[in-house]
Amino acid sequence: MKIVIVGSGYVGLVTGACFSEVGIDVTCVDIDRNKIDNLNKGIIPIYEPGLEDMITRNMKKGRLSFTTNIAEALKDSEVLFISVGTPPDEDGSADLKYVLAVARDCGKHMNDYLLVVTKSTVPVGTSIKVKQALQEELDKRNIDIEFDVASNPEFLKEGAAIDDFLKPDRIVVGIESERAEDLMKSLYKPFTLNGHPVIFMDIISAEMTKYAANSMLATKISFINDIANLCEIVGADINKVRKGIGSDSRIGHKFLYAGIGYGGSCFPKDVQALIKTASEFNYELRVLKAVEAVNKDQKLILFNKITNYFKGAIKGKTIALWGLSFKPQTDDMREAPSLDVVKNLLEAGAIVKAYDPIAINEAKHHFGDTILYYEDQYETLIDADCLAILTEWPEFKIPNFKIVRKLLNTPAIFDGRNIYDREEMKENGFDYFCIGIDTSKNNVKS
Ligand SMILES: NC(=O)c1ccc[n+]([C@@H]2O[C@H](COP(=O)([O-])OP(=O)(O)OC[C@H]3O[C@@H](n4cnc5c(N)ncnc54)[C@H](O)[C@@H]3O)[C@@H](O)[C@H]2O)c1
């Protein structure tokens, strides 16, 4: 089978690579000529474990190619996936201009039956707009070609995207014709042989499923952060509370780690978009509004702790940051808590020195020369007044604390991801602050 993936970003590249890996002939399309030229030279625009190898292997086998020419890509293709971005519009709703541009491109260039599958995260009702946009172009050409639309939201996690695609918990497919169902069944057969289910449903339910899933995960994070803040006030330990509640099988352990708020390219915009969709139907999603509000405050929590520690005198202080990406195993910094932390520190007059194993280049796009970048995590500590952990990269988990202690001007660590043990920090002579545990009594200064 021959398929087309339009939009060669995170989702498009992973989808294209994984489908080609199981023998499907895939053409990835993008409007970004530079990106396509690089991909054709084997230069992958994002960091995602395993992706580069898989792309190179399948390009060599002739099953995966890259182009800016959608008309060419459509020849002999039966299925086209739309995986372009759906960034938030000014009012928080998902901006569909890229998705609808692809739908129009299909109408302009298709010559045979086509199943158009929306993989981008889109609000309920988008498939109807996709159908209309495509049909309008066919009408302009005065031509009658059969097509179907389907919804196939993507649930991959950046940093584990290949594994998630190859071994999905589930595949959700919204369809409205038997032909579309058969095509999707045969495309996903290689990924479902181990019992991972394809859940077929109507298109609106599939579109809603994606937003509901991300909103549920964001809710878990804001919930545990809210509880963590209360733990700190009343003297409870969020790590113990997390274990206590997570062992209830109805609750589970995942997504219950207290921290400095959720970020990334999906949760913030998807929560916002669902709130907007609800308001368009005169419904108020009160829980999600609270989820957003808690998250906004949570992104400030580490900055506030640092400010309190230095009794408001941040101006001229040098702060070392470990981790800038919104989570480990990715260089993605979209909506990362580090953006808020850095902004606040700079506004308060601090000097910021930062290290991240992968995201330094990406960080330069965001911060330019307003902060200092290092290639070694310990170098950030020279002459720094404290260390703040913003991303839980594995290499930060057991650092040489003797060196850390020796290099820092003040032995203060602000752990935004709760990766250290407070007793160990005390033994090593640090003033230690984390999320959801009142560590002040342990600290040297108190
Ligand atoms: N990144 C994730 O982890 C993730 C996970 C699940 C779902 N999603 C959803 O998938 C969609 C894509 O996300 P992403 O992170 O891959 O985005 P991205 O920004 O990494 O990539 C989008 C790509 O689409 C291209 N593009 C835009 N308009 C185009 C057009 N008309 N024709 C061809 N190419 C075009 C852009 O140049 C870009 O390369 C979004 O709706 C997102 O919410 C993302």
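Things to note:
- In the stretch 108-197, counting only helices (runs of 4 or more DSSP H) that sit wholly within it, the ones holding 3 or more residues that are open to solvent by 40 Å² or more (accessible area, probe 1.4 Å) span 126-140, 178-192.
- Some residue of the stretch 136-146 being within 13 Å of the ligand (Cβ to nearest atom), on the phi < 0 side of the Ramachandran plot and in contact (Cβ under 8 Å) with a residue 24 or more places away in the chain: no
- Counting only residues that are within 12 Å of the ligand (Cβ to nearest atom) and in contact (Cβ under 8 Å) with a residue 40 or more places away in the chain, the stretch 64-77 holds 5 of them.
- Taking the stretch 232-267 as the range and being touching a Lys or Arg at 6+ places or on another chain (Cβ under 9 Å), within 13 Å of Gly436 (Cβ to Cβ) and of a type in the set (A, V, I, L, M, F, W, C) as the test, the residues that pass are Leu256, Ala258, Ile260.
- Filter result for Arg405 (open to solvent by 20 Å² or more (accessible area, probe 1.4 Å) and under 22 Å from Thr307 (Cβ atoms)): no
- Residue satisfying condition, being open to solvent by less than 60 Å² (accessible area, probe 1.4 Å) and out of contact with any Phe, Trp or Tyr (no Cβ under 6 Å at 6 or more places or on another chain), within set Ala336, Ala350, Ala388: Ala350
- Which listed residue is touching a residue at least 12 places away in the same chain (Cβ under 8 Å), within 15 Å of the ligand (Cβ to nearest atom), open to solvent by 20 Å² or more (accessible area, probe 1.4 Å) and of a type outside the set (Ser, Thr, Tyr), from Lys97, Lys2, Lys35: Lys35
- Residue match in the stretch 39-50 (condition: open to solvent by 20 Å² or more (accessible area, probe 1.4 Å), within 23 Å of Ile175 (Cβ to Cβ) and in contact (Cβ under 8 Å) with a residue 40 or more places away in the chain): no
- Residue in the stretch 289-306 that is surrounded by fewer than 18 Cβ atoms within 10 Å (Cβ to Cβ), at pLDDT 95 or above, more than 21 Å from the chain's Cα centre (by Cα) and not β-branched (Val, Ile, Thr) present: yes
- Residue ranges of helices (runs of 4 or more DSSP H) in the stretch 239-310 with at least 3 members more than 16 Å from the ligand (Cβ to nearest atom), within 29 Å of Tyr10 (Cβ to Cβ) and not assigned by TED's automatic domain parsing to the domain that holds Tyr420: 267-280, 286-298
- Elements of type strands (runs of 3 or more DSSP E) contained in the stretch 323-429, each with 2 or more residues being in the same structural domain as Ile238 (by TED's automatic domain parsing) and out of contact with any strand residue (DSSP E or B) (no Cβ under 6 Å at 6 or more places or on another chain): none
- Selection from the stretch 22-58 of residues that are of a type in the set (D, E, K, R), touching a helix residue (DSSP H, G or I) at 6+ places or on another chain (Cβ under 6 Å) and over 20 Å from Lys75 (Cα atoms): Glu48
- Looking only at residues of the stretch 147-162 that are touching an Asp or Glu at 6+ places or on another chain (Cβ under 6 Å) and aliphatic (A, V, I, L, M), we find that the one that is nearest to the ligand (Cβ to nearest atom) is Leu156.
- Criterion violated by Arg104 - all others in (1) in a helix (DSSP H, G or I); (2) away from the ligand (no atom under 14 Å from the Cβ); (3) at pLDDT 95 or above satisfied: (2)
- Checked against the criterion of being farther than 22 Å from Gly436 by Cβ, hydroxyl-bearing (Ser, Thr, Tyr) and not in a helix (DSSP H, G or I), the stretch 313-322 has at least one qualifying residue.
- The set of residues from the stretch 15-31 being more than 8 Å from the ligand (Cβ to nearest atom) and either part of a helix (DSSP H, G or I) or farther than 17 Å from Arg57 by Cβ (or both) comprises Thr15, Gly16, Ala17, Cys18, Phe19, Ser20, Glu21.
- When the test is whether a residue is out of contact with any Leu (no Cβ under 6 Å at 6 or more places or on another chain), at pLDDT 95 or above and of a type in the set (Gly, Ala, Ser), Gly174 passes it.
- Of all residues making up the stretch 60-76, the number that are open to solvent by less than 50 Å² (accessible area, probe 1.4 Å) and part of a helix (DSSP H, G or I): 4
- Screening the stretch 78-94 for residues that are modelled with pLDDT of 95 or more and hydrophobic (A, V, I, L, M, F, W, C) and picking the one that is farthest from the ligand (Cβ to nearest atom) gives Val79.
The values are calculated or read from the model by the stated rules, or taken from the named source; none is laboratory data. Predicted model only: the values in this text are computed from it and were never measured. With ideal geometry, Cβ positions are generated from the backbone for all residues, glycine too; neighbour counts draw on all protein chains shown. Ligands, DNA and RNA are excluded from the accessible area calculation, which covers all protein heavy atoms including side chains. Shrake-Rupley method; radii C 1.70, N 1.55, O 1.52, S 1.80 Å.
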